[in-house]
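Inspection log for the structure reproduced underneath, given as C-alpha cells.
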Amino acid sequence: MLKLVGAALILFAGTMIGFVQAARFAQRPRQIRQLIHALQRLETEIGYGQTPLPDALARIASALTAPVSSLFAETSARLASGSGETVRDCWERAVRAGWPATSMREPERDTLLRLGETLGGSGASDQLKHLKLAAHQLQAEEQAAREDQRRYEKLCRSLGVLTAALVVILMM
Amino acid sequence: MPLSLLELFPASLRDRLERLPETLLLSLEEIRVREERPLEIGYGGGASFVGPDGSICTDSASAYRPSREDCRALLERVTNHSLYAVEEELRRGYVTVPGGHRIGLAGRTVLEGGHVRHLRDVSSFNIRIARARKGCAATLLPELLDPVARTVRHTLIVSAPQQGKTTLLRDLARSISAGEWHHPQASRWGGRKVGIVDERSEIAACDRGIPAFDLGPRTDVLDACPKAEGLMMLVRSMSPEVVVADEIGRPEDAYALREALHAGVRVVATAHAIDLRDVFARPVLAELAADGMFGAYVLLSRSGGIVRHRVVGAEEAEAEARKSAGCRSVPVIRSPNEGGARHA
C-alpha cells in the first residue's frame with residue numbers, strides 16, 4: 001500500500017517537473033514578445049511624446065504583466081527615488097534583480113543591458129536607433145525561442161512522465 | 001538652498017555642498033560645476049571655491065575638482081535622465097529643473113548648416129538658484145501705477161544679469177494679480193487678470209502646468225512657450241489685462257508686444273541691459289521706445305544683498321539716455337501718453 005502511494009507521488013512529481021520545464025519553454029517567446037512590445041512603446045514615448053524616462057518606464061510597466069513589468073517598474077522607481085544613480089546603474093540592477101523571475105535567457109538579458117547603457121543619454125533620433133536595434137535582436141531571439149519551444153515543450157512533458165514511470169518501475 | 005535642488009547632485013558633489021555653512025546655503029545664488037576644474041559657488045554678491053571637505057577656500061588650487069563621472073551623472077539628473085526630451089533647450093544652452101532653477105550648460109556644439117544643432121560633451125554647469133521673494137515689488141509697484149486706467153503702466157525692467165530681474169518680475173505679477181498695489185489711492189482697485197509667457201519656465205517654474213511659485217489668484221501661465229507666439233496666444237485666448245514676459249529683445253517680440261498694446265493689454269517685461277543707453281542701443285528696444293511702447297523704465301542695481309530700483313518715466317528716459325551717451329546720438333523716445341514726436 002505504502003509503495004503504491006510512493007509510486008503515485010513520484011509519478012505526480014515527475015509529471016509536474018516536466019510540465020514546469022515545458023512551461024518555461026512556452027513562456028520564453030511570450031515574454032520576449034512582451035519586451036519587444038514594451039520597447040516599441042518606449043519608442044513612441046521618446047519619439048512623439050518626449051516623455052521623461054522615469055514616467056515613460058512607469059507607464060510601460062503599468063501596461064505589462066509580471067514578471068516582465070517589474071523590470072521597468074523597478075528602474076522607474078529607482079530613477080524617481082532621487083538617489084543620484086545613473087540610468088545605466090538603475091537599469092542594470094533592475095534587470096539583474098528581476099531576471100530570475102522570468103523565463104528568459106542570457107542573450108535577451110545582454111541585449112537589454114546593452115540598451116541600458118545608452119537609454120536616455122542621447123537625442124531622440126539616436127535613442128530610436130538604439131531601441132530599434134534592441135528590438136531587432138530580441139526578434140531574432142524570439143525566433144530561436146519559438147524553435148526551442150516547438151522542439152522541447154512536448155519533449156519535456158513526456159520526459160517528465162516517462163522518467164517518473166521508469167523510477168517507479170525500477171522501484172517495484 | 002531648497003532640498004530638492006540638492007537631490008540633483010550626484011553623491012560626491014552633494015556631500016560637499018551639504019557641508020557648507022548654513023548661512024551661506026541660505027544666500028547661495030549659483031553653483032558652478034566644471035569638469036576637472038575647481039567647484040565654485042556664488043552667494044550674496046561674492047564667490048568662492050569649495051574644498052574637498054566642503055569648506056570654503058579662496059585658493060582655486062586647493063578646491064575640489066568634479067570628475068567626469070560627476071558631470072555625467074549631473075547632466076543625467078538635470079535632464080531628468082531624458083536628454084532626448086530637452087534637445088531644444090540644449091540647443092539654447094540651458095535647461096530649467098523643477099523649482100524654476102535654471103541651469104546653463106556649456107560644452108562642445110554640433111553644427112548643422114552653420115547653426116547649433118546639439119550640445120555634446122557638456123562640461124560646464126551654472127546652476128542658478130531661483131527664490132521667491134514675496135513683497136520685493138512692494139516699494140516699486142506704487143511708482144508704476146496708472147491712476148486713470150486703474151492699472152499698471154507699460155513697464156520695462158532693465159538690468160545687468162544677476163540683479164534680480166526675474167525675482168522682481170515674479171513678485172510684480174503676484175502683486176498685480178492679487179491687487180496688492182501698496183498705494184492708498186489704489187486700495188479699492190482689486191487684482192488684475194495677469195497672463196505670463198514663461199519661455200524658460202523661470203518665472204512660474206511650472207511642474208506639469210501648475211506654477212510652483214505663488215503668482216497670485218488671477219494669473220494664467222503659458223509655460224515653455226516662445227514669447228512672441230505666447231503673447232499673441234494669451235491675448236487671443238485668455239483676455240489678460242496685464243501680460244508679463246521675461247527678457248524681450250528679438251524682432252518678433254516687438255511685433256507681439258505692439259499687438260498686445262493695441263489690444264489694450266498692459267505689458268510688463270524685462271530686458272538685459274546695463275543702463276538706458278544700452279537699452280536704446282538695441283534696435284528692437286529702441287524701436288519700441290520710439291513708438292512710445294513703454295510708460296516707465298525700471299533700472300535695477302544691486303550692492304551686497306540689497307536690490308535698489310529707480311523708475312524713469314518715458315518722458316525723462318531720453319534725457320537720461322543722452323546724458324550717459326555723451327555726444328553720441330540717442331534715438332527718439334516717446335511716452336505712450338503723448339501724440340507728437342520729439343527729436344533728439
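The values are calculated or read from the model by the stated rules, or taken from the named source; none is laboratory data. Treat the numbers as computed from the prediction; the structure is a model and nothing was measured. So basically every Cβ, Gly included, is an ideal-geometry build from the backbone, and we count neighbours across all protein chains shown.
Please enumerate the residues belonging to segment B:35-48 that are within 21 Å of B:Leu75 (Cα to Cα) and among the hydrophobic types (A, V, I, L, M, F, W, C). Listed by number, the residues that qualify are B:Leu39, B:Ile41. For the structure I just gave you, tell me whether A:Arg114 is within 14 Å of another protein chain (Cβ to nearest Cβ) and either among the hydroxyl-bearing types (Ser, Thr, Tyr) or within 20 Å of the chain's Cα centre (by Cα) (or both). Here the answer is no, as A:Arg114 does not meet what is asked. For B:Ala106, state whether it is of a type outside the set (S, T, N, Q), closer than 22 Å to A:Gln127 by Cβ and either within 11 Å of another protein chain (Cβ to nearest Cβ) or part of a strand (DSSP E or B) (or both). So B:Ala106 does not fit the description; no. Of all residues in segment A:131-154, one or more are within 13 Å of chain B (Cβ to nearest Cβ), surrounded by 14 or more Cβ atoms within 10 Å (Cβ to Cβ) and not acidic (Asp, Glu).
Would it be correct to say that A:Leu53 is within 17 Å of B:Ala85 (Cβ to Cβ) and either of a type in the set (A, V, I, L, M) or surrounded by fewer than 18 Cβ atoms within 10 Å (Cβ to Cβ) (or both)?
Yes, satisfied.
If you go through segment B:122-143 one residue at a time, do you hit one that is more than 24 Å from B:Asp220 (Cα to Cα) and within 14 Å of chain A (Cβ to nearest Cβ)? Yes, there is a match, as at least one residue in segment B:122-143 is more than 24 Å from B:Asp220 (Cα to Cα) and within 14 Å of chain A (Cβ to nearest Cβ). The residue that is nearest to A:Arg28 (Cα to Cα), counting only those in segment A:62-84 that are more than 8 Å from chain B (Cβ to nearest Cβ) and surrounded by 21 or more Cβ atoms within 10 Å (Cβ to Cβ), is A:Val68. Yes or no: A:Thr51 assigned to a helix (DSSP H, G or I), within 14 Å of another protein chain (Cβ to nearest Cβ), polar (S, T, N, Q) and under 18 Å from B:Arg77 (Cα atoms)? Criteria not met by A:Thr51.
One residue stands out in segment B:1-19 among those that are buried (at least 18 other Cβ atoms within 10 Å of the Cβ) and closer than 27 Å to B:Arg302 by Cα: the one that is farthest from the other protein chains (Cβ to nearest Cβ), namely B:Met1. Of the residues making up segment A:100-120, those that are surrounded by fewer than 22 Cβ atoms within 10 Å (Cβ to Cβ) and part of a loop (DSSP other than H, G, I, E, B) are A:Ser103, A:Arg105.
If we scan segment B:57-68, do we find a residue that is within 14 Å of another protein chain (Cβ to nearest Cβ), under 20 Å from B:Ser123 (Cβ atoms), outside any loop (DSSP other than H, G, I, E, B) and not hydroxyl-bearing (Ser, Thr, Tyr)? Within segment B:57-68, one or more residues are within 14 Å of another protein chain (Cβ to nearest Cβ), under 20 Å from B:Ser123 (Cβ atoms), outside any loop (DSSP other than H, G, I, E, B) and not hydroxyl-bearing (Ser, Thr, Tyr).
Any residue that is in a loop (DSSP other than H, G, I, E, B) and within 30 Å of B:Val312 (Cα to Cα) - is there at least one of those in segment B:116-129? Yes, that holds for at least one residue. Only one of the listed residues (B:Pro217, B:Pro142, B:Pro161) is modelled with pLDDT of 85 or more, under 26 Å from B:Asp275 (Cα atoms) and either not hydroxyl-bearing (Ser, Thr, Tyr) or not in a loop (DSSP other than H, G, I, E, B) (or both). That residue is B:Pro142.
Of the residues making up segment B:108-127, those that are under 24 Å from A:Pro54 (Cβ atoms) and crowded, with 18+ Cβ neighbours inside 10 Å are B:Leu119, B:Val122, B:Phe125, B:Ile127. Across segment B:124-135, the number of residues qualifying as at pLDDT 85 or above and farther than 30 Å from B:Glu36 by Cα comes to 0.
Considering (1) among the β-branched types (Val, Ile, Thr); (2) in contact with a helix residue (DSSP H, G or I) (Cβ under 9 Å, 6 or more places away or on another chain); (3) in a helix (DSSP H, G or I); (4) over 28 Å from B:Val78 (Cα atoms), the lone condition that A:Val5 does not fulfil carries the number (2). Annotation note: Cβ proximity below 6 Å between a residue of segment B:307-319 that is over 14 Å from B:Ala296 (Cβ atoms) and a residue that is not hydrophobic (A, V, I, L, M, F, W, C) (sequence gap 6+ or interchain) occurs for B:Val307/B:Gly164; B:Arg308/B:Ser301. Checking each residue in segment A:121-143 for being closer than 14 Å to A:Thr44 by Cα and touching a residue at least 60 places away in the same chain (Cβ under 8 Å) picks out A:Ala124, A:Gln127, A:Leu128, A:Leu131, A:Lys132, A:Ala135.
Filtering B:Val78, B:Val33, B:Val86 for residues that are in contact (Cβ under 8 Å) with a residue 12 or more places away in the chain and closer than 15 Å to B:Arg120 by Cα leaves a single hit, B:Val78.
Exactly one residue among A:Ala22, A:Ala58, A:Ala26, A:Ala13 is part of a helix (DSSP H, G or I), free of Cβ contacts under 8 Å to residues at least 24 places away in the same chain and either surrounded by fewer than 21 Cβ atoms within 10 Å (Cβ to Cβ) or aromatic (Phe, Trp, Tyr) (or both), and that residue is A:Ala58.
Of all residues in segment A:29-48, how many are among the aliphatic types (A, V, I, L, M), within 13 Å of chain B (Cβ to nearest Cβ) and under 20 Å from A:Arg109 (Cα atoms)?
1
For segment B:130-149, give me the residue count where each residue is closer than 20 Å to B:Val307 by Cα and crowded, with 18+ Cβ neighbours inside 10 Å. Qualifying residue count, segment B:130-149: 7.
When segment B:71-102 is filtered for residues that are facing another protein chain (nearest Cβ under 9 Å) and part of a loop (DSSP other than H, G, I, E, B), the ones remaining, listed by number, are B:Thr79, B:Asn80, B:His81, B:Ser82.
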